[in-house]
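Participant: This structure is in structure tokens; I'll ask about it shortly.
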Number of protein chains: 2
Amino acid sequence: MKIATWNVNSIRTRQDIVANWLQQNNIDVLCLQETKVIDKDFPRTRFEELGYHVYISGQKAYNGVAIFSLTPLTEVSAGFTPIIGDHAEDFDLQKRVITGVVGDIRLVNLYVPNGGDIANDKYKYKLQWLKLLKEYLKTFQEKEEYQMCVCGDFNIALEDRDIYNAQGTEKHIMSSPTEREALKEVLSIGLQDAFRKFTSETGHFSWWDYRAAGFQRDRGWRIDHHYLTSELYQKANNCWIDREPRKLVKPSDHAPVIVEIA
Amino acid sequence: MKIATWNVNSIRTRQDIVANWLQQNNIDVLCLQETKVIDKDFPRTRFEELGYHVYISGQKAYNGVAIFSLTPLTEVSAGFTPIIGDHAEDFDLQKRVITGVVGDIRLVNLYVPNGGDIANDKYKYKLQWLKLLKEYLKTFQEKEEYQMCVCGDFNIALEDRDIYNAQGTEKHIMSSPTEREALKEVLSIGLQDAFRKFTSETGHFSWWDYRAAGFQRDRGWRIDHHYLTSELYQKANNCWIDREPRKLVKPSDHAPVIVEIA
DNA sequence: GAACCCAGTG
DNA sequence: CACTGGGTTC
């Protein structure tokens, strides 16, 4: 079973690229971020025609997440609130979380806030959001028996080997110590990085800035992840980044990442 | 000698279409309107590489005119003011006029104001502008011996046969009686419509609205013209509209019009 | 319907 | 650099 995650930076702009990619790769589940569209305008039939069940939680212009799955999902919900209650309401104004169950896997698809820069109010928002995320995931663990696959665009490179150049990481958004700690705190509930089960060296990235020819010069960051609970981590066969769609004309700035489960 | 006029609705968006068209047609002079770009950002080298001398008068976002010529132009100027003086200054804030001399022809390239609708202040502006245009053209006639070719997007269909459907022309911008009279007043200095020397019937248009499938249904207007002084009018061999570029993807809403002079 | 600008986000 | 939406023009 192949579960992919891909920040598409607008599903309407990228629908040809995504549809072609799905037809060329045997993907069971695709988790999308930054769909940037309200639900009524999501090009859902385009993907249903390819055999996928489509689950979406979008808003206008920003954020937005979706899951495409060949088999129907159960226990689908969007946002923190349905799981942890009303104190998360403010954070659900931005559509960044969608979840459902496939087989014995609780799939959680995330678009973690970027944070702007570390002197920004948005950075505080990111840290608070990660706190809620931990509460959210723990709630699932307490009330369910499913293994978990928590994937998406985390906007965090956990280690220096996840960045093309480790200079200045301390002050840089996506690599500063406080956000790295906040993410480790989330992972402490028992989640492991599927990609690092198979590949230890640097030079593997999932995002390259549009600016300054970032992709051509391979100035990338690995910020899109699959974090798995232990049983699922054991079953993972492979995990890789597909750079091909990043080479096309008008690409997303992110490449899809795929994990294969036995 | 072939002189073409073409409202390209942004030269930056249309540069491939225009360059290909120039390579496939032996055009000596091309008059462009709605270039929509300030002079420093005009893609001038693209057309110089095709052998053209490039003369431009542009502004940001709106209007803008240009002339491409295989032979250099002389006595080039932009706007009314250099010819008729400071009282036209306000009208030169919008870049709608450029002129130069090729051989024995004074070429005048115009982008006449659209006017919005007939109850609009912009309609008054259009009428005042046409008054200045007459003064401008007469000034050339008084101080020069050149024949004149006055061409461009006039935003006026002079007769009902120039419109796909003559219903409601009286109240419609581009065909209302007052603006038609204002244009006839300009032509009264001795200018004749090159296109009508060769073609009398209706069904020949140079502009089709992007909306409501205007081109597919051939709901067009003939608003792009070459007006010639009598000697030049005698020498005109042919005048036609090339609809081909209007069929391409992402076309201008106007088609080029070409006059051939013996 | 399709250009443009501008502001906001990444 | 590239997305979105909102305003404006034709």
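Participant: Just to confirm my numbers, what's the Cα centroid distance between the range A:86-129 and the range B:176-249 in Å?
Facilitator: 59
Participant: Report the longest stretch of chain B that contains none of the GluC sites (Glu not before Pro) sitting in a DSSP loop with at most 13 other Cβ atoms within 10 Å. Working shown, then result.
Facilitator: Values: sites that count: B:49, B:144, B:145, B:201.
Answer - B:50-143.
Participant: Go through the range A:213-259 and name the trypsin sites (Lys or Arg not before Pro) that are in a DSSP coil and have 15 or fewer other Cβ atoms within 10 Å of their Cβ.
Facilitator: On the way: sites: A:217, A:219, A:222, A:235, A:243, A:246, A:247; in loops: A:217, A:219, A:222, A:243.
Filter output for the range A:213-259: A:217.
Participant: Would you grab the residues whose amide H sits under 5 Å from the one on residue A:199? Only those 5+ places off in sequence or on another chain, please, with H modelled 1.01 Å from N.
Facilitator: none
Participant: With the cut-off at 1.5 for a/c, could you classify the range A:1-103 from its C-alpha gyration tensor as rounded, prolate or oblate? It would help to have the intermediate numbers written out before the result.
Facilitator: On the way: a/c = 2.24, a/b = 1.39, b/c = 1.62.
In terms of gyration-tensor shape, oblate.
Participant: Here's something else I'd like to know. Residue A:234 to residue B:41: FRET efficiency via 1/(1 + (r/R0)^6), r the Cβ-Cβ distance, R0 45 Å, to the nearest 0.05? Show your work: numbers first, answer last.
Facilitator: Values: r = 58 Å, r/R0 = 1.29.
E(calc), rounded to 0.05, equals 0.20.
Participant: What percent do you get for the relative contact order of chain B when only Cα pairs under 8 Å and 6+ apart count?
Facilitator: Relative CO of chain B lands at 19 percent.
Participant: Something else about it: How high is the FRET efficiency between residue B:15 and residue B:143 when r is their beta carbon distance and R₀ equals 60 Å, given to the nearest 0.05?
Facilitator: Working: r = 36 Å, r/R0 = 0.60.
About 0.95, to the nearest 0.05.
Participant: Holding the Cα-Cα limit at 32 Å, pick out from A:250/B:40; A:122/A:250; A:2/A:36; B:131/B:250; B:138/B:250; A:124/A:247 the pairs that are longer than that.
Facilitator: Working: A:250/B:40 26 Å; A:122/A:250 28 Å; A:2/A:36 25 Å; B:131/B:250 35 Å; B:138/B:250 39 Å; A:124/A:247 34 Å.
Check vs 32 Å cut-off fails for B:131/B:250; B:138/B:250; A:124/A:247.
Participant: Let me ask something else about it. At residue B:60, label 7 Å along Cα→Cβ: distances to the other copies, nm, ascending?
Facilitator: 2.6
Participant: Could I ask something else about it? Hey, quick one: spin label on residue B:165, modelled 7 Å out along Cα-Cβ, who in the range B:188-220 has an amide N within reach, i.e. under 20 Å?
Facilitator: B:202-220
Participant: Run through the other copies and list how far each one's label point is from that of residue A:161, in nm with one decimal, shortest first; the point sits 7 Å from Cα along Cα-Cβ.
Facilitator: Distances to the matching label points in the other copies: 8.1 nm.
Participant: Okay, moving on. Placing a label point 7 Å from Cα toward Cβ, how far apart in nm is residue B:49 from its equivalents in the other copies, listed shortest first to one decimal?
Facilitator: Distances between equivalent label points, in nm: 3.7.
Each reported figure results from applying straightforward, stated rules to the coordinates on display, with no laboratory input. What you see is a predicted model; the values in this text were computed from it and never measured. Methodologically, a virtual Cβ is constructed for each residue, glycine included, from the backbone with ideal geometry; neighbour enumeration extends over all protein chains shown.
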